[in-house]
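Contents: one structure, followed by commentary.
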Amino acid sequence: MKTEEFSRFKSITGNKYGWIDNEYVYLPIYNIQTENYKGEVYNLEIEEDNSYTCEFATVHNCWTPWFSVFGSMSGFDSLEECFGAYAKNIFAIETGLSSDPPMNWRLSKLDNISLISNSDSHSLQRIGREANVFDTELSYKAIMDAIKSRDPKKFLYTIEFFPEEGKYHFDGHRVCNIVYPPEETKKHKGICPVCGKPLTVGVVNRVDALADRPENYTDPRRVPYKNLVTLDSIIGEALDVGKAAKSVMKEYEKLIKAFKSEFNVLLNAPVKEIALASSAEIAEGVERMRNGKLTIEPGFDGEYGIIKIFSDEEKKNIAKQSSLF
Ligand SMILES: [Zn+2]
């Protein structure tokens with residue numbers, strides 16, 4: 001890692017285990033083994049979103065429409081179909097933003113597969129919006145073992161988007177402004193009533209098609225999970241402005257200063273202390289998120305879902321109150 005080719009990259013970490021710059025996380029290849037193989041080879045990269053495979057897992061976006069592993073046009077309905085004899089080497093899949101663990105639990109053929117939640121590393125603010133929480137030694141081997149064994153003392157939980165917020169939860173056409181739950185898509189035979197072309201089939205629909213268990217199926221033996229909304233979205237909702245607004249950043253920085261990390265604010269910080277460090281509305285927003293008390297217009301065809309934590313009426317009241325001071 002310290003060779004000349006790499007030294008031109010500015011790193012904010014030591015280069016021993018890999019490094020991070022403004023856009024990417026770089027990790028070394030630890031081991032390469034060769035095996036004779038005859039047959040087709042796939043690059044699972046697709047437009048805009050990518051699916052990647054590595055040593056042990058389909059590491060990203062398994063359910064993204066069209067051509068990801070479980071996408072509607074991939075031609076595969078299982079890991080075995082996709083990877084053939086090599087499927088036995090895959091012991092984890094990444095659930096993507098638009099699906100969460102319970103949706104995957106509905107497929108009994110994934111019972112022995114670990115479900116992990118990774119983040120895109122192409123933009124710094126988005127790192128960590130989904131994550132895996134381990135209690136292990138900080139080494140490649142220990143983390144791999146935790147994923148493989150699903151030992152609840154080591155693989156504690158995953159952090160997930162609310163799947164409705166993901167870009168491919170429901171079916172639809174963005175340009176035609178059509179968004180459908182699976183039942184509605186079925187009624188229209190998968191065809192967009194505006195342009196007459198096939199609708200982009202979202203993750204709920206694909207899970208429904210491949211699942212052999214009912215909705216709301218749970219399994220206490222699986223690694224637990226927590227759904228979170230990113231802090232900038234919560235602050236934006238509380239202030240009734242877009243999450244990129246300057247006023248959002250100001251509150252965000254106050255909270256990070258007070259509680260050290262975004263995860264700590266979202267997961268652990270006492271609501272009363274959040275109110276003291278920022279405002280009662282932001283604290284209320286965090287509490288509602290923790291209790292899943294929010295509504296989400298589901299994402300579809302590349303459009304993120306829209307999170308609503310406060311009703312329009314409540315927002316009016318908040319605006320009135322803040323204008324009093
Ligand atoms: Zn259309």
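Every number here is computed from the coordinates shown, using simple stated rules; none is lab data. Here the structure is a predicted model, which means the values were calculated and not measured. Note that we place each Cβ from the backbone using ideal geometry, even for glycine, and neighbour counts take in every protein chain shown.
Things to note:
- Sites Lys316 and Asp208 - FRET efficiency at Förster radius 30 Å, r taken between beta-carbons, to 0.05: 0.20
- Inter-centroid distance (Cα atoms) of segment 156-197 relative to segment 75-132, Å: 20 Å
- Shape call, segment 176-241: gyration tensor on alpha carbons, a/c limit 1.5: oblate
- Bins of 10 Å, starting at 0 and running to the largest distance - Cα pair percent for segment 174-315: 10, 31, 26, 23, 9, 1
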